[in-house]
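J.: Let me give you the structure first, and then I'll get to my questions.
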Amino acid sequence: RYLKQKHQRELSKANREKEMNELRVQSIRLKSIPHFNSNVLAGIEYFIMTKSKEEANELLATYSRFTNITLHDIDKAQRSLKDELEYVRMYLDLEKMRYGDLLSYDIEVDDDVDQYIMIPNMVLHTYAENAVKHGIRGKSTPGKVVVSIKSEREGVRISVEDDGVGRETSARKNAETGHKGQGLSILSRQIELYNQQNEAKIEEKVADLTDGNGNAAGTRFELYVPYDYSYI
């Protein structure tokens with residue numbers, strides 16, 4: 001009975017932490033929307049003035065759908081890989097509008113991947129946003145983001161890789177500007193809480209990439225998600 005009561009207390013504590021953490025995520029996402037929106041709208045205004053009406057209308061449609069999905073799904077713990085891929089593609093299209101030729105991206109999905117597997121909500125967006133803001137933005141030359149999805153026997157492996165300035169340089173620049181990113185740390189904490197109630201665990205890895213001379217050449221985030229993973 002004592003062990004059962006102890007387990008219940010620990011479970012209640014974990015659930016409270018999970019709820020508080022998700023509320024923090026919602027708050028941060030809502031705070032980031034106005035800043036992102038202002039940048040996108042400025043880019044669309046530029047397109048209206050300098051590009052064709054068809055291109056501007058296409059971007060407006062993408063922006064509208066992206067915003068609607070953000071507001072609709074912001075409090076969800078999980079989302080299908082298919083929906084997450086669509087969302088991150090829209091995000092990268094909107095960022096490419098701002099960066100032009102300085103940003104390109106590829107999304108590579110193996111044919112045998114089950115795109116209806118449920119993954120943490122906005123995980124690809126969080127990784128891609130980090131790649132753009134902290135990797136590509138610091139470069140003076142064109143940069144690239146590669147999203148890769150591969151099937152494994154018991155789940156899927158997701159990776160988002162950039163050829164940006166690397167985490168060390170990014171951290172130094174953020175310290176100089178006073179910027180504090182929280183998206184990745186909150187995502188990791190969420191995954192830690194979800195893992196407490198699952199036998200098969202989500203695995204998260206970060207790799208610092210280097211060139212042939214040992215210089216920083218980008219960052220790769222990896223996430224392994226088992227099938228039949230529970231987020232409740």
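J.: Looking only at residues that are closer than 17 Å to Y91 by Cα and of a type in the set (S, T, N, Q) in region 35-57, which one is most open to solvent (accessible area, probe 1.4 Å)?
T.: Checking each candidate, the answer is N57.
J.: If we keep just the residues of region 88-141 that are open to solvent by less than 60 Å² (accessible area, probe 1.4 Å) and among the small types (G, A, S), which is farthest from A171 (Cα to Cα)?
T.: G100
J.: Give all pairs with beta carbons closer than 7 Å in which a residue from region 132-154 that is more than 13 Å from L223 (Cα to Cα) meets a residue that is polar (S, T, N, Q) and not in a loop (DSSP other than H, G, I, E, B); count only pairs at least 6 apart in sequence or on separate chains.
T.: Sorted first by the residue in region 132-154, then by its partner, the pairs are H134/S170; G135/S170; G135/T219; G138/T169; G138/S170; P142/S104; K144/S104.
J.: Please enumerate the residues belonging to region 145-169 that are of a type in the set (V, I, T) and at pLDDT 95 or above.
T.: V145, V146, V147, I149, V156, I158, V160
J.: Would you check if there is a residue in region 106-117 being more than 15 Å from V165 (Cα to Cα), modelled with pLDDT of 90 or more and either assigned to a helix (DSSP H, G or I) or in contact with a Phe, Trp or Tyr (Cβ under 7 Å, 6 or more places away or on another chain) (or both)?
T.: First, pick out the residues of region 106-117 that are more than 15 Å from V165 (Cα to Cα): 106-117.
If we keep only those that are modelled with pLDDT of 90 or more as well, we get 106-117.
Filter again for either assigned to a helix (DSSP H, G or I) or in contact with a Phe, Trp or Tyr (Cβ under 7 Å, 6 or more places away or on another chain) (or both), leaving 117.
For region 106-117, residues more than 15 Å from V165 (Cα to Cα), modelled with pLDDT of 90 or more and either assigned to a helix (DSSP H, G or I) or in contact with a Phe, Trp or Tyr (Cβ under 7 Å, 6 or more places away or on another chain) (or both): present.
J.: Of the residues R220, R167, which single one is open to solvent by 70 Å² or more (accessible area, probe 1.4 Å), in contact (Cβ under 8 Å) with a residue 12 or more places away in the chain and closer than 26 Å to G100 by Cα?
T.: Exactly one of R220, R167 is open to solvent by 70 Å² or more (accessible area, probe 1.4 Å), in contact (Cβ under 8 Å) with a residue 12 or more places away in the chain and closer than 26 Å to G100 by Cα, namely R167.
Here's the yes/no breakdown for (1) modelled with pLDDT under 90; (2) part of a helix (DSSP H, G or I):
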position	(1), (2)
Y127	no, yes
T141	no, no
A171	yes, yes
L193	yes, yes
K205	no, no
L209	no, no
T219	no, no
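J.: Report yes if V88 is touching an Asp or Glu at 6+ places or on another chain (Cβ under 7 Å) and in a helix (DSSP H, G or I), otherwise no.
T.: Here the answer is no, as V88 does not meet what is asked.
J.: Still on this structure, I have one more. Here are some residues: K201, K180. Which one is touching a helix residue (DSSP H, G or I) at 6+ places or on another chain (Cβ under 8 Å), in a loop (DSSP other than H, G, I, E, B) and either open to solvent by less than 60 Å² (accessible area, probe 1.4 Å) or at pLDDT below 90 (or both)?
T.: K180
J.: Provide a single number: the residues in region 118-131 that are on the phi < 0 side of the Ramachandran plot and touching a residue at least 60 places away in the same chain (Cβ under 8 Å). Step through it out loud before you land on a result.
T.: Filtering region 118-131 down to residues on the phi < 0 side of the Ramachandran plot leaves 118-121, 123-131.
Next, from what is left, pick out any that are touching a residue at least 60 places away in the same chain (Cβ under 8 Å): 118-120, 123, 126-127, 130-131.
Here the count works out to 8.
J.: Now for a different question. For K82, indicate whether it is within 29 Å of S230 (Cβ to Cβ) and outside any helix (DSSP H, G or I).
T.: Details: within 29 Å of S230 (Cβ to Cβ): yes; outside any helix (DSSP H, G or I): no.
It is false that K82 is within 29 Å of S230 (Cβ to Cβ) and outside any helix (DSSP H, G or I).
The values are calculated or read from the model by the stated rules, or taken from the named source; none is laboratory data. In this text, all values refer to a predicted model and were calculated from it rather than measured experimentally. Methodologically, a virtual Cβ is constructed for each residue, glycine included, from the backbone with ideal geometry; neighbour enumeration extends over all protein chains shown. When the accessible area is computed, the model is the full protein with side chains, heavy atoms only, and any ligands, DNA or RNA have been set aside. Shrake-Rupley method; radii C 1.70, N 1.55, O 1.52, S 1.80 Å.
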